[in-house]
Amino acid sequence: MKLPWNGRRRTVLAGLVALAVLVVLAVVLPNALRAGPPAPTTPSSAPAQDAGAAAGHGASADAGISKIKHVVIITQENRSFDSYFGTYPGADGIPMKDGKPAVCLPDPANGGCIAPFYNSADSNAGGPHSHADATGDINGGAMDGFVAQAEKGLSGCSAASTKCTYSTTMPTDVMGYHDGRDLPNYWAYAQNFTLEDHLFASAASWSLPAHLYLVSEWSAKCTKAGDPSSCVNALQDPDPEPEPQIIKDTLIGKCQAGMDLDPCREALEAAGIDPGLAAQIDQLIGTSCQPTDSYAVCQAAVDAAPVSDDLKKKLTDAAKKLELPDYAWTDLTFLLHKHQVSWAYYVFNGTEPDCRNDAATCDPVKQDAKTPGLWNPLLYFDTVKEDGEQGNIKPLSGFYDAARQGTLPAVTWVAPTDKVSEHAPAKISTGQAYVAGLINAVMSGPDWDSTAIFLTWDDWGGFYDHENPPVVDNNGYGLRVPGLVISPYARKGYIDHQVLSHDAYFKFIEDDFLGGERIDPATDGRPDARPDVRENNPQLGDLAKSFDFTQAPLPPLILPNATTY
């Protein structure tokens, strides 16, 4: 059965295209793992302790943070903490009594309730995971809406609907969990490094808002390109305009049919084009294009037309006024660029599983380093374009090269493609092998001794978790997700119980590389309406407490069940 939220969902989110009229007349800027031995049933070090107490040695948790020269953020997709580590010894996992789950969630479709259960399947269905679904799953803190939301999704009901005929066509696996038998690599990392058992997604929503938070600590929508003050909060629908609308919104697209028609006259007025310049544009189109030419043919002809430098400048200035809004608020790369800190965002070429605007179904779309998308949002940001750093967004192959050669930048993000993402129904074993390949590459290279790898999942994917997320603002936190800190200085076999979110990655990076400077509209010169400065929230713990910078560096853990692409 084709589930409405599963990996067959594709996005039609296409990249913004630099459509030039002359120079820039366009209006936009342009199953081997399963065969391995099961993980041990006890942690490999002393019982977990509170991270604050573990700082020890009379020193602050941040002492020695400068030993970390490279931060690598590896993001996988759509798993809750309880679905992967709910039975990990010492972690705050699924509530148990006498070795059996002590919770049972209402099943509106079939009556009764469904308790968490072990699920050995390598491919899962998961559940819907919009903002409304997060609200429904949490259910006022009862944490008992997961089955109901999944059954709503199967029936095609709105996530927020209170009147719904629940689907009974198939059982849901949102209550299923995995353990070390299915997750030998991830449990091995937990046993040998640090597991975060109170790491929450920054946004209580789906993949696009989650990935926006992973690079900018906000999810918003803007009405004016280049103007951070035009951006407003958008937790569910932060998408820029799709390409077809952008094509229609160029001057050529609006004026080719006639300068006296309303769409053209309105565009000319919006661009501040006076009658004299309008006449020059009319002449340019008239001499370059035939009435029967397609937009693309006419655009190309106008591009090739000889014009004066003065006209080029006028058209360029007009086009800038017509640019469609993209992401005008501040992302982390703005501060990294300001402080001359190197960064890269590596994208695995392939496809995306989620649909644009979290729609139920759509055609597949290609994902690559040159195309902005759900898992590659930085190309949409004005700051990246203004700083001329689009080239920092690279194909995944460059990551392996940098790891091997010892040229990892200070800050690295790694985004998957559908088949390795673990986004339901992608195979867990395939995702594990891919992640192990990434980590093996770092551990085998010369940068390992100065690297911190933060492995996480972007959102909960509809899977059950028992922990009620703290409320820090209208956007989050989202539900709890797995988090691992893998580094020579990570506390071995340690479970960090601090309240953390993906915002803690920013805090760590800013403390390490930026002298503690935050993404703060009050100080960064780019005022926007974000609800808060997430790194300064008093509920947020300090990720540096997952490290012991005084310990003898831990050796690499090269895992055999790994795939390099």
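The values are calculated or read from the model by the stated rules, or taken from the named source; none is laboratory data. This one's a predicted model, so the numbers in the text were calculated from it and none came from an experiment. A quick note on method: Cβ atoms are made from the backbone with ideal geometry, for glycine too, and the neighbour counts reach across all protein chains shown.
Counting only residues that are surrounded by fewer than 22 Cβ atoms within 10 Å (Cβ to Cβ) and under 16 Å from GLY180 (Cα atoms), how many does the range 65-79 have? Of the residues in that region, 0 qualify. Every listed requirement among (1) at pLDDT 85 or above; (2) part of a loop (DSSP other than H, G, I, E, B) is met by LEU212 save one, (2).
Examine the range 511-529 for a residue that is farther than 14 Å from LEU199 by Cβ, touching a Cys at 6+ places or on another chain (Cβ under 9 Å), assigned by TED's automatic domain parsing to the domain that holds VAL174 and of a type outside the set (Ser, Thr, Tyr), and state whether such a residue exists. Checking the range 511-529: at least one residue is farther than 14 Å from LEU199 by Cβ, touching a Cys at 6+ places or on another chain (Cβ under 9 Å), assigned by TED's automatic domain parsing to the domain that holds VAL174 and of a type outside the set (Ser, Thr, Tyr).
The condition of being at pLDDT 50 or above, of a type in the set (D, E, K, R), surrounded by 13 or more Cβ atoms within 10 Å (Cβ to Cβ) and assigned to a loop (DSSP other than H, G, I, E, B) holds for only one of ASP82, ASP62, that being ASP62. Evaluating SER158 against the criteria (1) at pLDDT below 60; (2) part of a helix (DSSP H, G or I) leaves one unmet condition, (2).
Of all residues in the range 470-489, those satisfying the criterion of being more than 21 Å from GLY86 (Cβ to Cβ) and surrounded by fewer than 24 Cβ atoms within 10 Å (Cβ to Cβ) are VAL471, VAL472, ASP473, ASN474, PRO488. Of the conditions (1) at pLDDT below 95; (2) among the acidic types (Asp, Glu); (3) closer than 24 Å to VAL103 by Cβ, GLU196 clears all except one; give me its number. Of everything listed in (1) at pLDDT below 95; (2) among the acidic types (Asp, Glu); (3) closer than 24 Å to VAL103 by Cβ, GLU196 misses just condition (1). Going through the range 427-478 one residue at a time, which ones are part of a loop (DSSP other than H, G, I, E, B), touching a Ser or Thr at 6+ places or on another chain (Cβ under 6 Å) and closer than 15 Å to ALA203 by Cβ? Answer for the range 427-478, where residues must be part of a loop (DSSP other than H, G, I, E, B), touching a Ser or Thr at 6+ places or on another chain (Cβ under 6 Å) and closer than 15 Å to ALA203 by Cβ: ASP458, TRP460, TYR477.
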